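Below is one structure; the comments refer to it alone.
The values are calculated or read from the model by the stated rules, or taken from the named source; none is laboratory data. Computed from a prediction, not measured in an experiment: that's the story for all the values here. Here the Cβ is made from the backbone with ideal geometry for all residues, glycine too, and neighbour counts use every protein chain on show.
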Amino acid sequence: MSDTYGFDTLQIHAGAQPDPATGARQTPIYQTTGYVFRDADHAAALFNLQEVGFIYSRLTNPTVAVLQDRIATLEGGAGAVCCSSGHAAQIMALFPLMGPGKNIVASTRAYGGTLTQFSQTITRFGWSATFVDFDDLDAVKAAIDDDTRAIFCESIANPGGYVTDLPAIAKIADGAGIPLIVDNTSATPYLCNPIEHGATLVVHSMTKYLTGNGTVTGGAVIDSGKFDWSASDKFPSLSQPEPAYHGLNFHETFGPLAFTFHGIAIGLRDLGMTLNPQAAHYTLMGIETLSLRMERHVSNARKVAEWLENDDRIEMVTYAGLPSSPYAERAQTICPRGAGALFTVSVKGGYDACVKLVESLKLFSHVANLGDTRSLVIHSASTTHRQLSEQDQIAAGAAPEVVRLSIGIEDPIDLIADLDQALAIATS
Ligand SMILES: *Cc1c(COP(=O)(O)O)cnc(C)c1O
């Protein structure tokens, strides 16, 4: 696919072609586990990674492969690995880089599940995370030590309103000789291109805007192909003979595709967090209209955030797309097409008013998801960020008195009317 095509064209065509067997124009759902080898030599060549092809659907599948190509193209990466969820993608991104005793430096402002995955679950593998305020660049630098293998942050951080200064963080990562991993879930490649801002790896929860309608869970890791894994001895799985693949040197053999091949040949093979072809199909359908939906999500979010900001019953709105946001200027460079559609509001009347607001909304659904065509609402502190201490909730932007809104693509007049009636009840 020519990379001179615009985003609107690539989101429909990248990675896909008419089915060679039937001419089917839409990418078929290849609902198969196995693929017939031509002969024993063909099978051996595939297993040796001397020939690229399909072996078994835990590793690769033609429907999933189209999605991998499409998302890699949209993010401007060399390759991508799809997996079963956004959380799976985060483990898959870290897996080739980490080992017992190694750590990552991560932003305090992140999806609640990510904060728990990094502070609790990865310690079972002997990995650890140091959490830092990413607006304090000196603190980010100071947190990096000889065992740090990556820096991790979100472009537009969930639960909203915060935009990371990606070029500044990328510069720190470069200086330390480690990759920057950016979770681009809330922004999507339409609003933000982390690789252009210096990211090495991009991860996604495709569950959100990429699929876009709340139907499947899925994730992806996209590699820029630009990091020199052999520049130091920090990444032996990629730069030295890999014992888990009969001594293959991935960087030497695959160059800019080393990380992607490692993710499939070892990550998916041994961790098994594979995306199924049916889910890949739904996500491909969603991505075809990504730019159209994101434009509407952004324009609705602006209208709703502006209306809320001017309402007496509201204490604060943290939307980076509002001129009053401390991140408004940064948003112009990091995500010039808009600051997403996810933000928090604090209601006058505190915690109790928040709970009443959530329960009084009729059009907004009270669910844990985000990035749906439907508008959604949740009280983060008691749900997605529940496992955190109050101090960590505040640092993450999920204080007890705030409600998170994920603005959908409905008629904005109806969304505002719904908020208006619910606020009347919440603050009466
Ligand atoms: C939802 C989400 C995740 C986790 O993705 P799942 O698909 O639910 O596993 C990670 N990061 C962000 C920013 C998210 O919103």
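For region 159-174, the criterion of being buried (at least 24 other Cβ atoms within 10 Å of the Cβ), within 11 Å of the ligand (Cβ to nearest atom), outside any strand (DSSP E or B) and of a type outside the set (A, V, I, L, M) is met by at least one residue. Against the definition (assigned to a helix (DSSP H, G or I), under 24 Å from T121 (Cβ atoms) and either modelled with pLDDT of 95 or more or outside the structural domain of T188 (by TED's automatic domain parsing) (or both)), how does Q421 come out, yes or no? No. Just wondering, is there one or more residues in region 106-115 that are away from the ligand (no atom under 16 Å from the Cβ), surrounded by 19 or more Cβ atoms within 10 Å (Cβ to Cβ) and within 30 Å of L290 (Cα to Cα)? No, because not a single residue in region 106-115 is away from the ligand (no atom under 16 Å from the Cβ), surrounded by 19 or more Cβ atoms within 10 Å (Cβ to Cβ) and within 30 Å of L290 (Cα to Cα).
Among the residues of region 123-150, those that are surrounded by 19 or more Cβ atoms within 10 Å (Cβ to Cβ) and either among the aliphatic types (A, V, I, L, M) or free of Cβ contacts under 8 Å to residues at least 24 places away in the same chain (or both) comprise A129, V132, V140, A143, I144, A150. When region 177-210 is limited to residues that are under 21 Å from L97 (Cα atoms) and of a type in the set (V, I, T), the one that is farthest from the ligand (Cβ to nearest atom) turns out to be I178. Looking across region 225-273, just one residue is in contact with a helix residue (DSSP H, G or I) (Cβ under 9 Å, 6 or more places away or on another chain), assigned to a loop (DSSP other than H, G, I, E, B) and among the basic types (K, R), and that is K226.
Filter region 334-354 down to the residues that are closer than 29 Å to F118 by Cα, away from the ligand (no atom under 16 Å from the Cβ) and touching a strand residue (DSSP E or B) at 6+ places or on another chain (Cβ under 9 Å) and list them by number. Of everything in region 334-354, those that are closer than 29 Å to F118 by Cα, away from the ligand (no atom under 16 Å from the Cβ) and touching a strand residue (DSSP E or B) at 6+ places or on another chain (Cβ under 9 Å) turn out to be V345, S346, C354.
In the set D165, D147, D138, only one residue is of a type in the set (D, E), modelled with pLDDT of 95 or more and in contact with a Gly (Cβ under 8 Å, 6 or more places away or on another chain); that residue is D147.
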